[in-house]
1. What single numbered condition from (1) at pLDDT below 90; (2) surrounded by 15 or more Cβ atoms within 10 Å (Cβ to Cβ) fails to hold for F124?
2. Have a look at V43, V36 and point out the one that is surrounded by 17 or more Cβ atoms within 10 Å (Cβ to Cβ), assigned by TED's automatic domain parsing to the domain that holds L107 and modelled with pLDDT of 90 or more.
3. Name the single residue, out of those in the range 83-101 being farther than 9 Å from F124 by Cα and β-branched (V, I, T), that is surrounded by the most Cβ atoms within 10 Å (Cβ to Cβ).
4. Considering (1) buried (at least 17 other Cβ atoms within 10 Å of the Cβ); (2) modelled with pLDDT of 85 or more, say which one V59 fails and leave the rest.
5. Here are the criteria: (1) modelled with pLDDT of 85 or more; (2) within 43 Å of the chain's Cα centre (by Cα). Tell me which single one T100 does not satisfy.
6. Quickly run through the range 64-102 and pick out the residues that are of a type outside the set (S, T, Y) and part of a loop (DSSP other than H, G, I, E, B).
Amino acid sequence: MSKVASAAAAMGVGEDQLAAQLSTIISVTRQAPETVGTALRTVYARITDIQAGIDEDGVTLGKYSGDMAKIGFNVLDVNGKLRDMGEVMEEIGNKWGTLTQEQQISLAQTMAGQRQYSNLIALFDNFDKYQSALNTAQNAGGKLQEQQDIYMDRLSTHVQQLTTATEHMWMGLVDTDGFKDVIDGLTTIVEKVDKLFRSIGGGKNLLQSLVPIVMSLTSKTVANGINTMIINSQLEKRQLRDQKSSQVLA
């Protein structure tokens, strides 16, 4: 679709028509989708060149429209303007079976050139598949959006139920007197801590005030711990000496 969509839109081929053309040719020829897209882009590009006056093979607008008219297809409208190619291709597809094999090949080569005409033959030889794909595309219009709307409606309903239940839960908690007392108490604590920070001058000043205190307390604790270790060591040595003396006397 990305290979041919812009060219198709410029030539008056609808999205559903283009999708049906692509799906039909791909299913019949088993070519890669991007290859078929490039082929159709070539077809529409040639027609654009013809509209300008001449194409790569030297076929002028007069010759192109003349060859089409001989077979029974008018490329130009009554005002001499190029018709929508989606409409023209459907007209050709519907009358394809009434043409001789020579007319079919000549028409396909005129429209697509020597290298790409086989793709048009695959499309027109299987025009029933094109029409089926086109009907599917047209009847499917809005189905995805409808399904998405249903899904979102169901999802939003469940989300709303969850939101309502959550609100009821929190309202039940907040309405509890005990819980309100807890909240009030925490609020008071936070307010006092905030006042303390502000009175000291912020977090930096608070750290500068607390660090010396912590270091002082820590140093005292460490010193006391070392003294305790020394005393315990001396006691253990004395106990060992007493035990040895008792054994010698025994």
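The values are calculated or read from the model by the stated rules, or taken from the named source; none is laboratory data. As the structure is a computational prediction, the values presented were derived from the model and not from experiment. Note that we place each Cβ from the backbone using ideal geometry, even for glycine, and neighbour counts take in every protein chain shown.
1. Every listed condition holds for F124 apart from (1).
2. Numbers: V43 fails: modelled with pLDDT of 90 or more.
On inspection, the qualifying residue turns out to be V36.
3. Among them, the one singled out is V88.
4. (2)
5. (2)
6. To start, the set of residues in the range 64-102 that are of a type outside the set (S, T, Y) comprises 66-97, 99, 101-102.
Once the filter is applied, which keeps residues that are of a type outside the set (S, T, Y) and part of a loop (DSSP other than H, G, I, E, B), the range 64-102 yields G72, F73, N74, V75, D77, V78, N79, G80, K81, R83, D84, L99.
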